[in-house]
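Enquirer: Pasting a structure here, questions to come.
The values are calculated or read from the model by the stated rules, or taken from the named source; none is laboratory data. It should be emphasised that the depicted structure is a prediction, and the values quoted were computed from it without experimental measurement. Note that we place each Cβ from the backbone using ideal geometry, even for glycine, and neighbour counts take in every protein chain shown. The area values use the complete protein model at the heavy-atom level, side chains included, leaving out ligands, DNA and RNA. Shrake-Rupley method; radii C 1.70, N 1.55, O 1.52, S 1.80 Å.
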Amino acid sequence: MVAKRAAFAKHAPNIMQRKAFIFDFDGTIAETIPLTLDAFSATYLRLGLSVPKVEDFKAHFGADESGIFKALNPDLCDEIYRTYLVEYERLLRERCMAPFPGIVDLFKLLQRRGLRMSVVTGKCADTARISVDFMGIGGYFDYVESGDPKGSVKPEKIRRILDAYGMEPSEAFYLGDSPQDVVDSRAVGVRPLVAAWSRLSDLSRFADLAPVEVFGSVEEIAEFAKSYLV
């Protein structure tokens, strides 16, 4: 059973000691996973290449986009990656991508509560920068740490931010949308929170990771912040 928001009440004293919120990006700050997959396909089509199946792309999730291309097309990965950046930014602008409704208000609320904010994402540094800049949210974050071609490095990146803040893991949350985000958070010692407001969210994936605090909407986590982060 996945723990619900009400479980926070008994942890209120510890919660109030938290000083930092570290965010995932895709599926947490914005609905960018479908856009990324569409940009993958558009890239291959633009180059006149056979488009891999969605399952082939997803099989290499964990690595950043450049790592995915290297795994799928090692001889052409540099050209594919350069074209992908163009297609990603084009689709981002065409679709006028923005953070999930209420996310910017959440940033402002956490800022008023005095919490530090950063991002640790599996995206490559280029698409992380393009996304943050286009959505106009870079000013809320102290650091934006990206992924790695070789695979997931979130624990390492979270530790790097904590070291820069001079904080203990117990003083931070990590908010992400996948079971691996929970595992990575716990590997570092930060408290995992689950963002379950993406249309791709599947709560059953978290059933074996209890107790996990799950927020079904941005409004729910905002209420949590108002109630406990004082």
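Enquirer: Could you report the chain's accessible area per residue, 1.4 Å probe, as an integer in Å²?
Expert: 46
Enquirer: Would you compute the Debye intensity of the chain from its alpha-carbon atoms alone, equal scatterers and no solvent, and pass along log10 I(q)/I(0) at q = 0.11, 0.16 Å⁻¹ to two decimals?
Expert: Once normalised to I(0) and log-transformed, intensities are -0.55, -1.12.
Enquirer: Can you compute the label reach from MET97? Point 7 Å from Cα along the Cβ direction, backbone N cut-off under 16 Å, restricted to the stretch 17-35.
Expert: Within reach of a label on MET97, which here means backbone N under 16 Å from a point 7 Å along Cα→Cβ, the stretch 17-35 contributes 24-35.
Enquirer: Moving on to the next point. When all protein chains stay in place, what accessible area (Å², nearest 10, 1.4 Å probe) is found for TYR228?
Expert: Here the accessible area works out near 50 Å².
Enquirer: Give, to the nearest whole percent, the P(r) tail of the stretch 74-161 beyond 22 angstrom, counting all Cα pairs.
Expert: Of the Cα pairs, 37 percent sit more than 22 Å apart.
Enquirer: Treating the angle as unsigned and between 0 and 90°, give the value, to the nearest 10°, between the Cα long axis of helix 179-188 and the longest Cα principal axis of the chain.
Expert: Taking the Cα atoms of the chain, the angle to 179-188 is about 60 degrees.
Enquirer: Report the accessible area of THR32, computed with a 1.4 Å probe over the heavy atoms of all protein chains in place, in Å² rounded to the nearest 10.
Expert: Taking all protein chains as shown, THR32 has close to 0 Å².
Enquirer: Additional query: Taking only Cα atoms, what is the 0 to 90° angle, nearest 10, from helix 154-165's long axis to the longest principal axis of the chain?
Expert: The angle comes out at about 50 degrees.
Enquirer: Where the accessible area of the chain is counted over protein heavy atoms with a 1.4 Å probe, how much of it, in %, is carbon and sulfur?
Expert: 50
Enquirer: Another one. Based on the alpha-carbon set only, what is the convex hull volume of the stretch 107-215 divided per residue, in Å³? Walk me through the intermediate numbers first.
Expert: Working: hull volume 13.0 nm³, N = 109.
Measuring per residue, one finds 120 Å³ for the Cα hull of the stretch 107-215.
Enquirer: Label SER204 and ASP56 with points 7 Å out from Cα along Cα→Cβ: what is the distance between them in nm?
Expert: Rounded to a tenth, the inter-label distance reads 2.8 nm.
Enquirer: Could you check the simple spin-label distance between VAL183 and ASP133, using points 7 Å along Cα→Cβ, in nm with one decimal?
Expert: So the label points at VAL183 and ASP133 sit 3.4 nm apart.
Enquirer: From the protein chains alone at 1.4 Å, what is the descending order of accessible area for GLU89, GLU223, largest first?
Expert: Final ranking, largest accessible area leading: GLU223, GLU89.
Enquirer: Can you tell me the 0 to 90 degree angle between the C-alpha axis of helix 125-135 and the longest principal axis of the chain, rounded to 10?
Expert: 70
Enquirer: Between the alpha-carbon centers of the stretch 16-58 and the stretch 191-230, tell me the distance in whole angstrom.
Expert: 21
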